[in-house]
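The values are calculated or read from the model by the stated rules, or taken from the named source; none is laboratory data. Just so it is clear, the model here is predicted, and its values are computed rather than measured. With ideal geometry, Cβ positions are generated from the backbone for all residues, glycine too; neighbour counts draw on all protein chains shown.
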Amino acid sequence: MVTPNIVIPQLRHARRRAVIYLQKWIGHFYLWGGDDPSGFDCSGLILEVLKSVGLARPNIDMTADNLYRWFNENRTLKPGPGKLVFWFSRDPRSNKAIHVEMMIDNYHTVGASGGGSATKTISDAIKHNAFVKMRPLNYRGTNFKICDPFAK
């Protein structure tokens, strides 16, 4: 995979701005394949946040797995604000990231989730309780890896 061009802003302020911007989306609708304010899926929300602080170009569209491959070199064991958490398939033969969220502190993530591919409309989102939500880090289990998109 080709790594997208990254615009490097002042990173010490970008992390804080990203976390603040991310939290503004809590309660917003989840839509499968969504990547704009009409509704977000997990990777669409994270890309919106990365774009807002200049870490991703405006025209980039990626899955959770593509985001993981992009930031894999910045893996860390330490949780923290602005770091990305990737959850993986339970299939031991697969090393595919299937979900991504961003941490807002050392213990909580914010991400778009609920309903999966069946959530294509706002009515579906309401029916499936599919929104941008804050959750404890391990709410989806411990099969995750953390990457820091703000690492140099």
Go through Lys96, Lys120, Lys127 for me and flag whichever is in contact (Cβ under 8 Å) with a residue 60 or more places away in the chain and of a type in the set (D, E, K, R). Lys120
Give the residue that is nearest to Asp148 (Cα to Cα), with candidates limited to residues of region 75-126 that are charged (D, E, K, R) and part of a strand (DSSP E or B). Arg75
Right, Glu48: touching a Gly at 6+ places or on another chain (Cβ under 6 Å) and within 15 Å of Asp35 (Cα to Cα) or not? no
Quick check: anything in region 127-141 closer than 21 Å to His13 by Cα and part of a strand (DSSP E or B)? no
Subset of region 115-142 (residues that are within 21 Å of Met62 (Cα to Cα) and more than 14 Å from the chain's Cα centre (by Cα)): Gly115, Gly116, Ser117, Ala118, Thr119, Lys120, Thr121, Ala130
Long-range neighbours under 9 Å by Cβ, at least six apart or interchain, first residue within 17 Å of Asp148 (Cβ to Cβ) within region 13-30, second aromatic (Phe, Trp, Tyr): Ala14/Phe150; Arg15/Phe150; Ala18/Phe150
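To keep it simple, each residue is scored yes or no on (1) of a type in the set (D, E, K, R); (2) in contact with a helix residue (DSSP H, G or I) (Cβ under 7 Å, 6 or more places away or on another chain); (3) on the phi > 0 side of the Ramachandran plot.
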| position | (1), (2), (3) |
| --- | --- |
| Leu45 | no, no, no |
| Lys96 | yes, yes, no |
| Ile104 | no, yes, no |
| Gly116 | no, no, yes |
| Ile122 | no, no, no |
| Asn129 | no, no, yes |
| Arg135 | yes, no, no |
| Pro149 | no, yes, no |
By residue number, the members of region 12-38 that are small (Gly, Ala, Ser), in contact with a helix residue (DSSP H, G or I) (Cβ under 7 Å, 6 or more places away or on another chain) and either modelled with pLDDT under 95 or surrounded by fewer than 19 Cβ atoms within 10 Å (Cβ to Cβ) (or both) are Gly34
With respect to Asp61, determine if the residue is under 16 Å from the mean Cα position of the chain (by Cα), part of a loop (DSSP other than H, G, I, E, B) and within 20 Å of Ile26 (Cα to Cα). no
